[in-house]
Amino acid sequence: MNILVTGGCGFIGSHFVEYFLKTYPESKVINIDKLTYAAHPDMAKHLGTLAPDRYSFFQFDIADSNLKSWAKNQSFDAIVNFAAETHVDRSILDPDSFIRTNVLGVQNLLAIARENGNKRFVHVSTDEVYGSLKPSDPTSVETSQLDPNSPYAASKASADLIALANARTYKQPVLITRCTNNYGPYQFPEKLLPLLIANALEDKPIPVYGDGKQVRDWIYVVDHCRGIDAVLQKGRPGEIYNISSSGEAHNIDVIKKVLDMLHKPHSLITFVGDRPAHDRRYGLNSSKIKQELGWSPKTTFEEGLKKTVDWYLSNVDWWKKVRGAEYLKYYQSNYENKFGSESKKPKEVNS
Ligand code: NAD
Ligand code: TYD
C-alpha cells in the first residue's frame with residue numbers, strides 16, 4: 001500500500017512513517033507537513049534516509065486549497081491524517097489555528113481523498129473528544145457521548161463528526177482512531193512527560209497544574225502506530241476504534257516515578273494554578289480493536305517509560321535545540337503567566 005501521510009514530521013506521525021516504511025518494504029510514503037513549531041527539525045531528511053526511493057516530503061498546509069490540484073498528480077492508496085495543532089494549553093491561548101488546521105484542514109483532506117478515487121482515509125483522533133470521566137465512571141467506548149471541554153478537544157470532535165458525515169453521505173471509506181495520551185522519543189517538550197524529563201535534567205521546577213490528581217491513560221507511541229496500521233489495513237469503513245494500553249495513572253504519581261528514575265528530588269515539584277476546564281480523568285476501553293482487529297499493546301508503562309527516559313538522556317542536544325530561543329520566548333510570554341495571575345503562585349497542596 002502506498003500512503004499519503006500528513007503531519008509526518010511531528011511526534012506520532014514520524015514514528016508512524018518509520019514504522020510503515022520498515023514494516024512494508026514495498027510500500028511508498030508521501031509525507032506532507034506544514035513544519036510548524038511542533039515539527040522536528042531534520043525529521044523530513046531523517047525519514048528520507050531510511051528509504052530514499054520510497055519516501056518523499058512536501059511542505060504543505062493541509063488547509064491550503066492548492067493542495068487539491070497538487071494531489072491530483074500524486075499516486076496513493078490511502079491517506080493517514082496526523083496533522084493537527086495538538087497542545088491543549090496553546091488551544092486555550094490561541095484557538096483560531098486549531099479550528100483552521102484541525103477542522104478546515106480535515107475537510108480539505110476528505111475532499112482530496114474523495115476526488116482521487118474515494119481513497120481510504122484514516123483520521124487520527126483522541127480520547128479527549130469524550131471529555132472528562134468521574135473516578136467511578138466506566139472507561140469510554142466508541143459510542144460514548146462526545147463532550148469536549150477544551151478548544152483542542154472540540155476541534156478534534158468537530159473533525160470526527162465531519163469525517164463520519166462524509167462516510168455516510170458520500171460512502172467514503174473513512175476510519176477514525178481515538179487514542180489516549182502518547183509518550184516516547186521525539187515528543188515536543190511542552191507536553192507533560194518530555195517537559196518533566198527536560199526540566200528535571202536541568203534542575204528546573206516541574207509545574208503541576210491544580211492538585212496533580214488528574215488521571216491520564218498512557219500508551220507508548222509505537223503501540224499507537226501499530227493500532228493505526230491495524231485500522232488502516234483491516235478496519236471497517238465508517239467505524240471508530242479506540243486505542244488504549246489501559247495505563248491510567250495520576251499525574252503526580254507519574255511525575256514522582258520519573259523524578260525517581262532520574263534520581264532527582266521531589267522538591268522540584270511546584271504546584272501551580274489549574275488549566276481552565278481541566279479534564280479530571282481520561283480512560284479508554286479498547287476492546288473493539290482488540291477483538292475485531294487482533295491488536296494489543298506490547299509495551300508496559302514501566303518499559304516504555306524507561307525507553308523514553310533513556311532516549312531523552314541520550315538526546316540532550318535534540319531537546320535543548322527544540323527548546324531554543326523561539327520556544328523560550330513563547331514560553332516566557334505565555335506559559336509562565338498562563339491562566340492568569342493565580343497560576344504564578346506556587347500552591348500549597350497535600351500530595
Ligand atoms: P505534534 O504536535 O507532535 O505534530 C503535529 C504535526 O502536524 C507537526 O509536524 C506539524 O508541523 C504538523 N502540522 C500542524 N499543522 C499543520 C497543517 N496545517 N498542515 C500540515 N501539517 C501541520 O502532534 P502529535 O502528538 O504527533 O499528534 C498527531 C496526531 O495524533 C494529532 O492529530 C493528535 O490530535 C493525535 N493524538 C495525539 C495524542 C498525543 O498524546 N500526542 C493522543 C491521541 C491523538
Ligand atoms: P498534556 O501532556 O498537556 O496532555 P493533555 O492535556 O492532552 O492530557 O498534559 C497531561 C496532564 O499533565 C494534564 O492533566 C495536564 C498536566 N500538566 C501539568 O500538570 N503540568 C504541565 O506542565 C503540563 C504540560 C501538563
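The values are calculated or read from the model by the stated rules, or taken from the named source; none is laboratory data. In this text the structure is predicted, and so the values were computed from the model without any measurement. All Cβ positions, even for glycine, are placed from backbone atoms using ideal geometry, and neighbour counts span all protein chains on display. When the accessible area is computed, the model is the full protein with side chains, heavy atoms only, and any ligands, DNA or RNA have been set aside. Shrake-Rupley method; radii C 1.70, N 1.55, O 1.52, S 1.80 Å.
What to note about this one:
- Other residues lying with their Cβ under 11 Å from the Cβ of Trp295 contribute a combined charge of +2, Lys and Arg counting +1, Asp and Glu -1.
- In sequence order, calculated HN-Hα J values of segment 60-75 (Karplus, 6.51, -1.76, 1.60; Hz; x Gly/Pro): 8, 8, 5, 8, 7, 5, 5, 4, 4, 5, 4, 5, 4, 9, 9, 10
- Element breakdown for segment 138-216 at a 1.4 angstrom probe: carbon and sulfur atoms account for 55% of the accessible area.
- Pairs of Cα atoms in segment 45-136 fall into 5 Å distance bins, from 0 up to the last occupied one, in shares of 2, 11, 18, 20, 17, 14, 9, 5, 2, 1, 0 percent.
- Between 0 and 90 degrees, the angle of helix 11-23 with respect to the longest Cα principal axis of the chain falls at about 50 degrees.
- With an a/c value of 1.5 or above and a/b larger than b/c for the gyration tensor axes a ≥ b ≥ c computed over the alpha-carbon atoms, segment 71-229 is described as prolate.
- Karplus-derived 3J(HN,Hα), 6.51/-1.76/1.60, for each residue of segment 213-222, Hz, glycine and proline x: 9, 5, 10, 10, 10, 8, 9, 6, 4, 5
- Partner aspartates and glutamates whose Cα lies under 17 Å from the Cα of Lys171, excluding those fewer than 8 positions away in the same chain, are identified as Asp77, Glu115, Asp160, Glu239.
- Ranked by the mean number of other Cβ atoms within 10 Å of their residues, highest first, the peptides 124-132, 197-205, 20-28 fall in the order 124-132, 197-205, 20-28.
- DSSP-loop trypsin sites (Lys or Arg not before Pro) across segment 102-206, with at most 14 other Cβ within 10 angstrom: Lys171
- Summed over the residues of the chain and divided among them, the accessible surface reaches 42 Å² per residue at a probe radius of 1.4 Å.
- Rounded to 10°, Cα long-axis angle of helix 301-314 versus longest principal axis of the chain: 80 degrees
- For the chain, the spread of Cα positions along the three principal axes, ordered from largest to smallest, is 59, 43, 37 Å.
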